[in-house]
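J.: I'd like to ask some things about the structure below.
The values are calculated or read from the model by the stated rules, or taken from the named source; none is laboratory data. For clarity, every value in this text was computed on a predicted model and none was experimentally measured. Neighbour counts run over all protein chains shown; Cβ positions are idealised from the backbone, glycine included. Just so you know, the surface numbers come from the protein's heavy atoms only, side chains and all, with ligands and any DNA or RNA stripped out. Shrake-Rupley method; radii C 1.70, N 1.55, O 1.52, S 1.80 Å.
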Amino acid sequence: MIIVISGTSSGIGKATAVRFLAEGHEVYGFDVEEAPFTHYNYHHCIHDVRDNAAKLPDIPAPDIVINSAGTLEETDAIDVNLTGTIRFTQRFIESPRLKSVLFIASASARNGAEFPFYVASKSGIVGYMKNQALALAPRGITVNSISPGGVLTPANKHILDDESLYSQVLAETLLGKWAEASEIAELAYFLTITNRSITGEDILIDNGEMLKSNFIW
């Protein structure tokens, strides 16, 4: 299959590209940074999702579109995470081969626990995902999102390198850990390749952070 993934130069996007390549799929990766690796089935395109979709290169019609490009920067959050995601998706939505569309949202979309524009952008992704699930269902296309909690990626380096901060965030999870990017990639693979009946759903993967509570009696 032909897989289109945004944000493949690091983190979840990179891990997702690696997962699909391992199964023999052809991957077209898009990012503002250079390619993170070379592979005979990987094609890297330098592209900013904030740019007009007309600037995207012509590639074969994809079977799967995965939106992983994102930023933690408040000033860019809406433009990159939400508007850019919508623009990128719309560029490929008419593919006659399309079988599945996936978005990487955030646990913050559910609990509002980060910065305002970031939270709004991720919440918007979940809403847009549901909109597209409704729109694409007549074509038999599944559309879902994944909402990760803490993930071990370069974007979280400032926490991972600070023993005190890292201990605090781990204490907020039931399992006492954060997820590996490869775990998110594995779920992405299931939702787009294996799955046939889940659509319009936002899947939480947060090591139990959302459920964490202290019961006082």
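J.: Leaving out ligands, DNA and RNA but keeping every protein chain, what accessible area does Glu183 have, in Å² rounded to the nearest 10, with a 1.4 Å probe?
T.: Approximately 70 Å² of Glu183 is accessible to the 1.4 Å probe.
J.: Could I ask something else about it? Taking amide hydrogens as modeled 1.01 Å from N in the peptide plane, which residues meet the under 5 Å criterion relative to Cys45, leaving out close sequence neighbours?
T.: Result for Cys45 returns Gly29, Phe30, Asp31.
J.: Read phi for every residue in the range 104-112 and hand back ³J(HN,Hα) as whole Hz from Karplus 6.51 cos²θ - 1.76 cosθ + 1.60, θ = phi - 60°, with x for Gly and Pro.
T.: With coefficients 6.51, -1.76 and 1.60, one gets 9, 9, 6, 4, 5, 5, 9, 10, x Hz.
J.: Shifting gears a bit: I want the local charge near Val80. Using Cβ-Cβ distances under 10 Å, sum +1 for each Lys or Arg and -1 for each Asp or Glu among the other residues.
T.: Within the 10 Å Cβ shell, the charges total -3.
J.: Rounded, prolate or oblate: which fits the range 80-217 when a ≥ b ≥ c are the square roots of the eigenvalues of the alpha-carbon gyration tensor, with rounded for a/c under 1.5 and prolate only if a/b beats b/c?
T.: Prolate, because a/c is 1.5 or more and a/b exceeds b/c.
J.: Collect residues whose amide H, placed 1.01 Å from N in the peptide plane, falls under 5 Å from the amide H of Ile66; neighbours closer than 5 in sequence don't count.
T.: Counting only residues 5 or more places away or on other chains, the set is Val4, Ile5, Ser6, Leu102.
J.: Just to be sure I understand the model, the point goes 7 Å from the Cα along the line to the Cβ. What's the resulting Leu165 to Ala137 distance in nm?
T.: With each label placed 7 Å out from Cα toward Cβ, I get 4.2 nm.
J.: Continuing with this model, one more query. Name the residues whose placed amide hydrogens come within less than 5 Å of the amide hydrogen of Ile205, ignoring near sequence neighbours (fewer than 5 apart) on the same chain.
T.: So Ile205 has HN proximity to Ser147, Gly149.
J.: Moving on to the next point. Checking the table Lys55/Lys99; Lys130/Lys157; Lys99/Lys212 against a 29 Å threshold on Cα-Cα, which pairs fail?
T.: Over 29 Å Cα-Cα: Lys130/Lys157; Lys99/Lys212.
J.: Report the net charge of residues surrounding Val49, where surrounding means a beta-carbon distance below 14 angstrom and charges are Lys +1, Arg +1, Asp -1, Glu -1.
T.: -3
J.: Here is a further query. With Cβ to Cβ distances under 15 Å as the rule, what net charge do the other residues near Val32 carry (K, R +1; D, E -1)?
T.: Residues near Val32 contribute -4 overall.
J.: Dipole of the chain (Lys/Arg Cβ +1, Asp/Glu Cβ -1, origin at the Cα centre): which of Pro154, Phe20, Leu191 lies farthest to the positive side?
T.: Positive-most Cα among the choices belongs to Leu191.
J.: I've got another one for you. At a 10 angstrom cut-off on C-beta neighbours, averaged per residue, how do the peptides 96-103, 15-22, 150-157 rank from highest to lowest?
T.: Those peptides, ordered most packed to least, come out 15-22, 96-103, 150-157.
J.: Please arrange Leu204, Leu211 by accessible surface area, largest first, computed with a 1.4 Å probe and ligands excluded.
T.: Leu211, Leu204
J.: Can you tell me, using C-alpha contacts under 8 Å and at least 6 residues apart, the relative contact order of the range 1-121 as a whole percent?
T.: Once divided by the residue count of the range 1-121, the mean separation gives 25 percent.
J.: While we're on this one: Which ³J(HN,Hα) values in Hz, rounded to whole numbers, follow from the phi angles of the range 128-133 under the Karplus curve 6.51 cos²θ - 1.76 cosθ + 1.60, where θ = phi - 60° and Gly and Pro get x?
T.: Once θ is set to phi - 60°, the couplings for the range 128-133 become 5, 4, 5, 4, 6, 4 Hz.
J.: Do the sum for the chain: with -39,500 (n - 2.57) for every DSSP H run of n ≥ 4, divided by all residues, what is the mean residue ellipticity at 222 nm, to the nearest 500 deg cm²/dmol?
T.: Computed ellipticity for the chain at 222 nm equals -9000 deg cm²/dmol.
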